[in-house]
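Worksheet: one structure, shown below.
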Number of protein chains: 4
Amino acid sequence: MNDASPYEPVDADVEERIRKSYERQALMRHLGARLELVAQGRVHVVLPGGEHLTGHHGHIHPGATSAVADTAGEFAALTLVGPRDDVVGFEYKINFTAPAEGDHLEAIGTVIRAGRTLSVSRLEVFGVDGSRRRLVATGQQTLLRVAVP
Amino acid sequence: MNDASPYEPVDADVEERIRKSYERQALMRHLGARLELVAQGRVHVVLPGGEHLTGHHGHIHPGATSAVADTAGEFAALTLVGPRDDVVGFEYKINFTAPAEGDHLEAIGTVIRAGRTLSVSRLEVFGVDGSRRRLVATGQQTLLRVAVP
Amino acid sequence: MNDASPYEPVDADVEERIRKSYERQALMRHLGARLELVAQGRVHVVLPGGEHLTGHHGHIHPGATSAVADTAGEFAALTLVGPRDDVVGFEYKINFTAPAEGDHLEAIGTVIRAGRTLSVSRLEVFGVDGSRRRLVATGQQTLLRVAVP
Amino acid sequence: MNDASPYEPVDADVEERIRKSYERQALMRHLGARLELVAQGRVHVVLPGGEHLTGHHGHIHPGATSAVADTAGEFAALTLVGPRDDVVGFEYKINFTAPAEGDHLEAIGTVIRAGRTLSVSRLEVFGVDGSRRRLVATGQQTLLRVAVP
């Protein structure tokens with residue numbers, strides 16, 4: 001359940017479906033975040049640092065950190081449902097454990113409980129600078145499975 | 001403690017200090033969010049809707065909603081400390097109670113407990129469309145008072 | 001939405017159903033907590049202080065405070081569903097804002113969003129001593145509506 | 001960071017100090033919970049099931065589950081501070097992921113970020129029945145280091 005946990009690949013059609021959903025998120029494009037890894041119950045979103053992301057303390061704004069964490073958790077849960085289902089992350093809690101800085105942030109969503117109705121994802125965000133890697137945020141998200149309209 | 005609660009104005013120098021801090025947040029500018037009301041222990045941030053803010057469900061992305069909620073809560077707490085102190089919101093929990101849509105979002109941060117070390121802000125976000133006003137997110141944030149470096 | 005908010009009474013059969021459910025909670029009896037007010041979307045649970053409730057800091061243990069807060073929030077949501085439905089509080093977040101002490105604690109659960117599937121309750125706990133009344137905990141809970149088995 | 005993570009023993013004097021603090025918690029005694037493992041940044045609390053612990057759904061009440069989770073997280077953080085310091089868990093978030101049942105609950109607190117002022121513990125509770133072991137709750141707690149009065 002941490003960033004060194006092993007994870008299973010998804011089928012090509014699942015990955016394609018996930019990536020298409022991701023592309024529909026204008027906010028991720030606007031922030032400059034890209035979907036990196038798509039695995040079974042696990043997704044990585046990478047957010048390169050940039051002047052447009054800072055808060056008044058000079059680091060990456062907690063709002064940007066939250067946005068990629070929330071997205072990683074929701075897409076991780078999306079890998080575990082079929083093409084006729086969707087998942088909606090309707091609440092989360094997040095702790096900021098260090099200033100968000102580095103060449104880029106890596107947000108990792110990992111499903112820790114996949115239920116028929118409700119699922120729970122763990123959210124972790126690392127600030128990465130070369131070989132330096134530091135936990136900058138950690139959280140927990142609850143998601144509801146819904147039928148695709 | 002809801003959006004109809006009365007609130008007290010702040011002194012002009014406090015408002016100026018708060019607005020200067022707000023201006024240093026590049027992310028808020030990048031999203032298009034503006035600081036509207038600055039009162040004692042209460043701040044409103046307005047985020048006009050826009051194509052750049054959407055998630056894959058077509059509404060405003062929870063990450064954008066979170067970003068303005070988190071900011072409103074932190075700046076609300078900032079109105080209650082002196083010029084030599086700063087506050088850092090280090091964790092929050094948020095529920096998304098309706099799809100975030102409307103002409104604009106109004107994020108309201110209200111300090112419900114102001115402590116010497118720790119404070120708690122309530123976070124509420126409304127989707128506003130003309131006279132229609134709907135709660136789209138509600139949360140709770142904890143903040144740490146620190147000395148200005 | 002605070003302890004001074006007005007609230008509507010429930011029908012006698014609803015109150016009876018709610019009180020019967022409450023009686024089935026052995027833990028509440030074991031702690032000494034009683035169901036006081038049952039209103040539309042709002043429930044008060046009172047926990048008299050006692051030696052059996054203390055934590056290692058000498059105040060009422062946060063676990064006891066949480067237990068009555070969680071119960072008040074769940075039963076508040078229960079007042080808003082029909083006799084064939086049940087609600088399950090499946091997550092909450094709580095802040096302890098002051099040492100839990102006093103003659104008794106009063107836990108107030110208030111539904112702030114009643115949905116078809118998911119509801120959200122606000123949780124507030126006051127430490128009461130004669131006319132002195134202090135917020136000792138505040139939180140937010142999410143609940144799932146389920147069919148009675 | 002899960003229940004199979006390796007962990008380091010603590011010195012005998014640390015363990016004694018931790019166990020003495022634990023003994024001062026009347027609520028844990030009243031519920032029947034005992035402190036099992038005390039390791040570096042990690043504590044296990046065991047709560048045997050019993051009729052006095054049930055909620056109205058017939059399982060162990062979420063309030064009892066929360067009480068042992070909160071305690072495990074706080075005592076885990078206590079293992080990492082010196083004898084002149086204390087820690088206070090001032091907020092947490094918890095998800096109930098399965099009905100709390102079994103011969104006993106095992107609550108595991110693990111410090112995932114130990115700071116000078118603020119720390120974060122992961123909370124996990126398992127329902128255990130013979131060789132069957134199931135995650136019934138998972139959460140995250142923030143703690144403040146304070147000087148022993």
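The values are calculated or read from the model by the stated rules, or taken from the named source; none is laboratory data. Nothing here was measured: the structure is a model prediction, and the numbers come from that model. Please note: Cβ atoms are built from the backbone with ideal geometry, for glycine as well, and neighbour counts cover all protein chains shown. What goes into the accessible areas is simple: the full protein's heavy atoms, side chains included, and nothing from ligands, DNA or RNA. Shrake-Rupley method; radii C 1.70, N 1.55, O 1.52, S 1.80 Å.
Things to note:
- Over region A:93-132, Cα pairs under 8 Å with separation of 6+ residues give a relative contact order of 44 percent.
- Between 0 and 90°, nearest 10: helix A:62-78 axis offset from chain A longest Cα axis: 20 degrees
- Qualifying lysines (Cα of each under 21 Å from Cα of C:Lys93; at least 8 residues distant if same chain): A:Lys93, B:Lys93, D:Lys93
- Span from the region D:86-149 Cα centroid across to the region D:46-64 one, whole angstrom: 17 Å
- Innermost chain A residue relative to the axis carrying A onto C, by Cβ distance in angstrom: A:Lys93, 3
- Across chain B, the mean sequence separation of Cα contacts (distance under 8 Å, 6 or more residues apart), normalised by length, yields a relative contact order of 23 percent.
- Prolate/oblate/rounded label for the protein assembly as shown (Cα gyration tensor, a/c 1.5): rounded
- Note on C:Glu101 and A:Leu37: the model spin-label points, each 7 Å out from Cα along the C-beta direction, lie 4.9 nm apart.
- Peptide C:116-122, shielding by other chains (average Cβ, 10 Å cutoff): 4
- Rounded to the nearest 500, the 222 nm mean residue ellipticity of chain B from helices alone is -7000 deg cm²/dmol, with -39,500 (n - 2.57) taken per DSSP H run of at least 4 residues.
- The simple spin-label model puts a point 7 Å past each Cα toward its Cβ; for C:Glu51 and C:Arg29 those points are separated by 2.4 nm.
- Within 10 Å of the Cβ of each residue in D:69-76, the mean number of Cβ atoms contributed by other protein chains is 3.
- Backbone N within region D:84-120 under 20 Å of label point (7 Å from A:Arg116 Cα along the Cβ vector): D:96-101
- Shape category assigned to region C:34-89 from the gyration tensor of Cα positions, a/c cut at 1.5: prolate
- Gyration tensor verdict on region B:95-149 (Cα atoms; rounded if a/c is under 1.5, prolate if a/b is larger than b/c, oblate otherwise): prolate
- Relative to the longest principal axis of the Cα atoms of chain C, the long axis of helix C:12-23 lies at roughly 50 degrees.
- Buried area at the C-D interface (accessible, heavy atoms, 1.4 Å probe, summed, Å²): 2800 Å²
- Peptides C:45-51, D:121-127 ranked from most to least packed by the mean count of surrounding Cβ atoms within 10 Å: D:121-127, C:45-51.
- The mean count of C-beta atoms from other chains within 10 Å of the C-beta of residues in C:93-105, rounded to a whole number, is 5.
- Label-point distances for A:Pro99 to the equivalent site in the other copies, using a point 7 angstrom along Cα→C-beta, read 3.6, 4.1, 5.1 nm when ranked shortest first.
- Kirkwood Rh in Å, taken over region B:5-149 so that all alpha-carbon pairs contribute: 15.1 Å
- Here D:Arg24 yields copy-to-copy label distances, from shortest upward, of 4.0, 4.0, 5.6 nm, the label point defined as 7 Å from Cα along Cα to C-beta.
- Teacher prompt: C:Val146 distances to equivalent labels in other copies, 7 Å Cα→Cβ, nm: 2.2, 3.7, 4.3
- Built amide H within the under 5 Å cut-off of A:Ala137, gap 5+: A:Thr97, A:Val125
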